[in-house]
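Engineer: For reference, the structure I am asking about is given below.
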Amino acid sequence: MRLSLFSRLALGYLAIFLLVTAVSAYAVFQLHRFDELTDSVLKVDNRILDYEKILADLLLSQSRYEQKFAISRDEALYNEFLRLRRDFNLQLATAITIGDSAAGTILSKVQQDYRNYEELVVKEAALLRAKKRYPEAQFKQEKDEIVDRILVSLEKLRADQQHAMSTKVRELAEAAEHAREVSVSITVACLISIVAMSLIVTRSITRPIAILKTKTREIAQGRFEGGLNIKSPPELGELAAAFNLMCERLKELERMKADFFSSMSHELRTPLTSIKEGTGLLLDGVGGQTTDKQRKLLAILAEESNRLIAVVNSLLDLSKMEAGMMSYEFDLVTIDPLIRRAIAEITPLVEAKQIELESNVNPSLPALRLDPERILQVLRNLLGNAVKFTPKGGRVSVVAASVNGNLQVSVTDSGPGVPAESLTTIFEKFSQGSHKGAHTRNGTGLGLAIAKNIIKSHGGEIWAESQVGRGSTFVFVLRC
Ligand code: ADP
């Protein structure tokens, strides 16, 4: 699913919001249930218990007054009975309206019994006032029976309500325990989901960013291979497509640059070779007698055209290497003859500068797969620099040995050395370090860049070690 960054973040937050809403809804639902149960205990059960007590007291008081009236025939006592009867009926009616169905059934029965009791009392009072004879004992027994029945019903009502109350309190405790467990589980699940979601969303964003970061580094190092395949999130996918386009463009520019160097080098090499050949012929007297002054000028011409040809050749080589068009001919060879050849080539200059040149090549070094012409080119560059930068009467040495199972060649000189900050930059093209004067005039800043390219193409390493004023050592390692 290719979701945009905005949608990912929005969906992530929405999911978190929904989870939190679910937890809150559950909490509200539980609170509502607690509220209902507490309400029911306080407003129903407790009140019915109160009414039960009031009704029982009123009934007993009434019974006492009407019994006393039956004996004393004192109307005041009967009036008291009537007052309590009103109260009783009122309280009973209110208790019935509370609306608890089980209690309602019992209270209706109480109401029924009470009506019978009222009737008996009223009937007895009328008989008493009429001073007629009536079965007193039977009346008393019936009234007592009814009062007892009502008291038993009220007792049952009390017991039922107490039982209902304790059941609700137990339910409340259970519900609280359940709510606690569910809340803890939901909270833990929410936290895990939030962390997981954050990780997934963050990772889906940071992973393509890390790929883009690596690609940017590669581009900075001059590797313009595109091929970024990021589809999601779409914003970064578009960025990756732009990167690929940029790489294509950079590769094209690199190719154009290499083509330019190459054609320019060809254009320059042909006339230069003609100048060199022509100057040589003139120096050989082919064009007739030359004066000393003319010979001196012709010698300068020959030297400068040689130097220019070398520069053009170096440019051509480097442009080919950078365009990946340099062809290598690998062969199984030993390094010894290559070092000897490079030394032989530089010997006239070494002698002219009275430099002490020594070489120390381990004769038992194994042969390894390399392009001899290119490695010779590296040796020429390193030795050429060493002799060029070493002052008259100085020392240069070449050592080839096996180090950690690899071939290590080092060229050491007693020249001016290279400052620490230039030890790596001198391997970049056109870098001429910090030396001023005749040396730079004779240089192109291409020799070490070419050497580095060749050694890299052999899978090896090249570096410089130096201290200013104490000479330098240029080392390359080829894996055996
Ligand atoms: P150049 O043609 O200028 O010598 P290189 O690529 O061969 O170009 O060298 C680049 C720079 O590195 C030189 O200009 C010089 O400053 C420094 N360098 C190379 N070899 C030596 C050396 N043996 N001693 C001191 N500096 C050196």
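The values are calculated or read from the model by the stated rules, or taken from the named source; none is laboratory data. Please read these numbers as outputs of a predicted model, since none were measured by experiment. Don't worry about glycine lacking a Cβ; one is built from the backbone with ideal geometry, like all the others, and counts go over all protein chains shown. With ligands, DNA and RNA removed, areas are computed over all heavy atoms of the protein, side chains included. Shrake-Rupley method; radii C 1.70, N 1.55, O 1.52, S 1.80 Å.
Engineer: When region 325-352 is examined, which residues are found to be of a type outside the set (Gly, Ala, Ser), surrounded by fewer than 16 Cβ atoms within 10 Å (Cβ to Cβ) and closer than 27 Å to Pro391 by Cβ?
Structural biologist: Arg340, Arg341, Glu345, Thr347, Pro348, Leu349, Glu351
Engineer: Considering only region 218-238, I want to know if a residue exists there that is basic (Lys, Arg), out of contact with any helix residue (DSSP H, G or I) (no Cβ under 6 Å at 6 or more places or on another chain) and modelled with pLDDT under 85.
Structural biologist: Taking region 218-238 first, the residues basic (Lys, Arg) are 223, 231.
Next cut, out of contact with any helix residue (DSSP H, G or I) (no Cβ under 6 Å at 6 or more places or on another chain) only: 223.
With modelled with pLDDT under 85 added as a condition, the list becomes 223.
Within region 218-238, one or more residues are basic (Lys, Arg), out of contact with any helix residue (DSSP H, G or I) (no Cβ under 6 Å at 6 or more places or on another chain) and modelled with pLDDT under 85.
Engineer: Could you figure out which of (1) open to solvent by less than 90 Å² (accessible area, probe 1.4 Å); (2) of a type in the set (S, T, N, Q); (3) farther than 22 Å from Leu92 by Cβ isn't true of Gln141?
Structural biologist: (1)
Engineer: What do you reckon, is Glu329 among the charged types (D, E, K, R), touching a residue at least 24 places away in the same chain (Cβ under 8 Å), over 30 Å from Gly469 (Cα atoms) and not in a helix (DSSP H, G or I)? Don't jump to the end; show me each part of the working.
Structural biologist: Values: among the charged types (D, E, K, R): yes; touching a residue at least 24 places away in the same chain (Cβ under 8 Å): yes; over 30 Å from Gly469 (Cα atoms): yes; not in a helix (DSSP H, G or I): yes.
Here the answer is yes, as Glu329 does meet what is asked.
Engineer: Is there a residue being surrounded by 14 or more Cβ atoms within 10 Å (Cβ to Cβ), in a helix (DSSP H, G or I) and in contact with an Asp or Glu (Cβ under 9 Å, 6 or more places away or on another chain) anywhere in region 4-14?
Structural biologist: yes
Engineer: Name the residue that is farthest from Ile375 (Cα to Cα), counting only residues in region 449-474 that are of a type outside the set (D, E, K, R) and assigned to a helix (DSSP H, G or I).
Structural biologist: Within region 449-474, the first condition is being of a type outside the set (D, E, K, R), and the residues that meet it are 449-451, 453-455, 457-460, 462-464, 466-469, 471-474.
Keeping just the survivors that are assigned to a helix (DSSP H, G or I) gives 449-451, 453-455, 457.
Numbers: Ala449: 14, Ile450: 11, Ala451: 8, Asn453: 11, Ile454: 7, Ile455: 8, Ser457: 11 Å.
It comes out as Ala449.
Engineer: Something else about it: Could you tell me whether any residue of region 387-403 is near the ligand (Cβ under 9 Å from one of its atoms), on the phi > 0 side of the Ramachandran plot and open to solvent by less than 10 Å² (accessible area, probe 1.4 Å)?
Structural biologist: The answer is no, given that none of the residues of region 387-403 is near the ligand (Cβ under 9 Å from one of its atoms), on the phi > 0 side of the Ramachandran plot and open to solvent by less than 10 Å² (accessible area, probe 1.4 Å).
Engineer: While we're on this one: Out of the residues in region 461-478 meeting the condition of being touching a residue at least 40 places away in the same chain (Cβ under 8 Å) and under 17 Å from Ser402 (Cβ atoms), tell me which one is farthest from the ligand (Cβ to nearest atom).
Structural biologist: Residue satisfying both the conditions and the ranking: Leu478.
Engineer: For the condition open to solvent by 80 Å² or more (accessible area, probe 1.4 Å) and in a loop (DSSP other than H, G, I, E, B), what is the one hit in Arg223, Arg255, Arg249? Even if it seems obvious, please write down each step before you answer.
Structural biologist: Details: Arg255 fails: in a loop (DSSP other than H, G, I, E, B); Arg249 fails: in a loop (DSSP other than H, G, I, E, B).
When all the criteria are applied, what remains is Arg223.
Engineer: Would you pick out the residues in region 404-420 that are within 12 Å of the ligand (Cβ to nearest atom), within 49 Å of the chain's Cα centre (by Cα) and not small (Gly, Ala, Ser)?
Structural biologist: Initial filter on region 404-420 (within 12 Å of the ligand (Cβ to nearest atom)): 410-419.
Those left that are additionally within 49 Å of the chain's Cα centre (by Cα): 410-411, 417-419.
Hits for region 404-420 are Val411, Val418, Pro419.
Engineer: Just to be sure before I move on: is Arg369 closer than 30 Å to Lys251 by Cβ, open to solvent by 70 Å² or more (accessible area, probe 1.4 Å) and basic (Lys, Arg) in the structure I sent? Break it down stepwise before answering.
Structural biologist: On the way: closer than 30 Å to Lys251 by Cβ: yes; open to solvent by 70 Å² or more (accessible area, probe 1.4 Å): yes; basic (Lys, Arg): yes.
Spelling it out, Arg369 is indeed closer than 30 Å to Lys251 by Cβ, open to solvent by 70 Å² or more (accessible area, probe 1.4 Å) and basic (Lys, Arg).
Engineer: Moving on to the next point. Is it true that some residue in region 368-386 is over 50 Å from the mean Cα position of the chain (by Cα), over 16 Å from Leu446 (Cα atoms), within 9 Å of the ligand (Cβ to nearest atom) and in contact (Cβ under 8 Å) with a residue 40 or more places away in the chain?
Structural biologist: Taking every residue of region 368-386 in turn, none turns out to be over 50 Å from the mean Cα position of the chain (by Cα), over 16 Å from Leu446 (Cα atoms), within 9 Å of the ligand (Cβ to nearest atom) and in contact (Cβ under 8 Å) with a residue 40 or more places away in the chain.
Engineer: It is to be established whether one or more residues within region 270-282 are among the aliphatic types (A, V, I, L, M) and either touching a strand residue (DSSP E or B) at 6+ places or on another chain (Cβ under 7 Å) or in contact (Cβ under 8 Å) with a residue 24 or more places away in the chain (or both).
Structural biologist: Step one: filter region 270-282 for residues among the aliphatic types (A, V, I, L, M), giving 272, 275, 281-282.
Subset that is either touching a strand residue (DSSP E or B) at 6+ places or on another chain (Cβ under 7 Å) or in contact (Cβ under 8 Å) with a residue 24 or more places away in the chain (or both): 272, 275.
Within region 270-282 (the criterion being among the aliphatic types (A, V, I, L, M) and either touching a strand residue (DSSP E or B) at 6+ places or on another chain (Cβ under 7 Å) or in contact (Cβ under 8 Å) with a residue 24 or more places away in the chain (or both)), the answer is yes, since at least one residue qualifies.
Engineer: Another question, if that's okay. Residues of region 52-94 being part of a helix (DSSP H, G or I), open to solvent by 70 Å² or more (accessible area, probe 1.4 Å) and among the charged types (D, E, K, R), which ones?
Structural biologist: Lys53, Asp57, Arg64, Lys68, Glu75, Arg83, Arg86 - these are the residues of region 52-94 that are part of a helix (DSSP H, G or I), open to solvent by 70 Å² or more (accessible area, probe 1.4 Å) and among the charged types (D, E, K, R).
Engineer: Which is more than 49 Å from the chain's Cα centre (by Cα) and in contact (Cβ under 8 Å) with a residue 24 or more places away in the chain, of Tyr117, Tyr26, Tyr65? If you could, list the steps in order and put the result at the bottom.
Structural biologist: On the way: Tyr26 fails: more than 49 Å from the chain's Cα centre (by Cα); Tyr65 fails: in contact (Cβ under 8 Å) with a residue 24 or more places away in the chain.
None of the others qualify; the one that does is Tyr117.
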